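These notes concern the structure reproduced below.
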């Protein structure tokens, strides 16, 4: 089974493609991960288009069956929340277009699945992520690690 895990964002989008045998007995494996960035000087519509292009390329290359993504958490900054919501719209549209089964997780559910605590901080999440799966040896931004953790949460909930 191959899943596409997304930490939705507008400026930075965490992306991970994870694989696990259908019998759920094998360990999870990262077959691709990245933090896709859009330039703040690029026009709004163009940034959404670039996000769509990147995700479509990944979907076509890796042929995932499922999308795992984080539910939108509204922050104090409503303008940013709206921009992230629009990026999420692009993500959900492409998932539906390519027949991916969509699974959304609340941020606290992801923290619980990874660390056992719904209030875990980024340091605890990264510490546990390294214990749960072989992370790439390259330096990663939080968004990429978050996407990997969203994928791991999917596998923890998948029956």
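Every number here is computed from the coordinates shown, using simple stated rules; none is lab data. Computed from a predicted structure; not experimentally measured.
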### Message
Helix 122-132 against the longest principal axis of the chain: what's the angle in degrees, Cα atoms only, rounded to the nearest 10?
### Response
50 degrees
### Message
Nearest 5 percent is fine: what portion of the DSSP beta bridges confined to the stretch 5-117 is antiparallel?
### Response
60 percent
#### Entry: Rounded if a/c under 1.5, otherwise prolate or oblate - the stretch 64-159, Cα gyration tensor axes
oblate
### Task
Over the chain, calculate the relative contact order: mean separation of alpha carbon pairs under 8 Å at least 6 apart, over the residue count, as a percent.
32 percent
### Query
By how many degrees, 0 to 90 and rounded to 10, does the Cα axis of helix 44-62 deviate from the longest principal axis of the chain?
30 degrees
### Cα-based helix-to-principal-axis angle, 78-97 vs the chain, degrees rounded to 10
70 degrees
